[in-house]
Amino acid sequence: MSQPSASPKASHPRWLRLTHWLNALAVLVMVTSGWRIYNASPIYDFSFPKSITLGGWLGGALQWHFAAMWFLAINGLVYLIINLFSGRLKRRFFPVSPKGVLHDLSAALRGKLGHADLSHYNQVQRVAYLFVIVDITLLVLSGLVLWKSVQFPILRELMWGYEGARHVHFFAMALLVAFVAVHLVMVALVPKTLLAMIVGRKEPV
Ligand code: HEM
């Protein structure tokens, strides 16, 4: 059972808002510079349009990618550590079950899912947010293999070698982009959540 919050208005603490927006910025830089790096040596039969990539050329894109990766990894760790040790991770994201997700998904599709209490995530949100946490972790780990392949032999072998890690990295990126697209639609459908993620509560103070 999730605990009721002390105040129904204060749903998103400051550390959460800060790490979330830094993370969103880091993801934007990582993905768009990553597309430019991919274009230099594509593994599939297509390239990304240059106009939506960052860095201008391979060297520039690598600089952006390497700068933002520290940002993403350290900021992500801070988010995870605070979430874990404050007990928030357990409180907000569990329990979650296939039955609960199906129930909330069907309620959402029928327009019957309430959003009055922003300190409570429904099971579809829980599973989506847990998924993206695991996906970004996989992106960082496969990125480590691509960056320092020799230094991480076990990780490399777990990802079917260097070439395998490129596919894992690409696939995890595609899933992250898909998450962000769905995430933005959801935010647009319930705009008061955006206000909460900016100022920490449903109404500005
Ligand atoms: C770009 C990568 C992004 C990722 C990986 C991401 C991930 C997440 C995660 C994991 C949460 C739950 C945080 C928690 O409670 O611990 C969340 C919440 C939220 N995100 Fe994002 N986000 C991204 C971008 C954005 C963008 C661009 C926007 C808005 C334009 C946005 C708006 C929100 C809002 C409003 C919530 C709160 C939802 C609610 O209270 O129901 N996010 N995001």
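So which residue, out of MET186, MET30, MET173, gets the largest mean-square fluctuation from a GNM of the chain using Cα contacts under 10 Å as springs?
MET186
How many Lys pairs in the chain lie less than 25 angstrom apart by Cα atoms, where the lysines are 8 or more positions apart or on different chains?
Close lysine pairs found across the chain: 11.
For PHE48, list long-range residues whose amide hydrogen, built 1.01 Å from N in the peptide plane, is under 5 Å from its own amide hydrogen.
Distant-sequence amide H within range of PHE48: ASN39.
What net charge is computed for the residues neighbouring ASN23, neighbours being all others with C-beta under 15 Å from the C-beta of ASN23, Lys and Arg scored +1, Asp and Glu -1?
+1
Taking 7 Å along the Cα-to-C-beta vector as the label spot, tell me the LEU194-TRP147 distance in nanometres, rounded to one decimal.
Going from the LEU194 label point to the TRP147 one covers 3.2 nm.
In the range 122-166, which trypsin sites (Lys or Arg not before Pro) are in a loop and have at most 14 other Cβ atoms within 10 Å, using DSSP for the loop call?
On the way: sites: ARG126, LYS148, ARG156, ARG166; in loops: LYS148.
Loop-located and lightly packed - LYS148.
Given a Förster radius of 25 Å and the C-beta distance between LEU18 and SER41 as r, what FRET efficiency does 1/(1 + (r/R0)^6) yield to the nearest 0.05?
Values: r = 36 Å, r/R0 = 1.43.
Between LEU18 and SER41 the formula returns 0.10.
Taking K and R as +1 and D and E as -1, what net charge do the other residues with C-beta under 15 Å from the C-beta of HIS169 add up to?
With Lys, Arg at +1 and Asp, Glu at -1, the net is +2.
Give me Rg/Rg_expected for the chain, where Rg uses Cα atoms only and Rg_expected = 2.2 N^0.38 Å with N residues. The partial results should precede the final answer.
Numbers: Rg = 18.7 Å, N = 205, 2.2 N^0.38 = 16.6 Å.
For the chain, the normalised Cα radius of gyration is 1.13.
So which DSSP H runs in the chain come out at 30 Å plus along the axis (Cα) with average Kyte-Doolittle of at least -0.5?
For the chain, where a helix must reach 30 Å along its axis and average at least -0.5, the hits are 14-40, 58-85, 123-147, 161-189.
What value, in deg cm²/dmol to 500, does the helix sum -39500 (n - 2.57) over DSSP H runs of n ≥ 4 give at 222 nm once divided by the residues of the chain?
Numbers: 8 runs with 141 residues, N = 205.
Helix contribution divided over all residues of the chain: -23000 deg cm²/dmol.
Quick note: the coordinates plus some simple rules give every number you see, no bench work behind them. What you are looking at is a predicted structure, and each value in this text was computed from that prediction instead of being measured. As a convention, Cβ positions derive from the backbone with ideal geometry for all residues, glycine included, and neighbour counts pool all protein chains shown.
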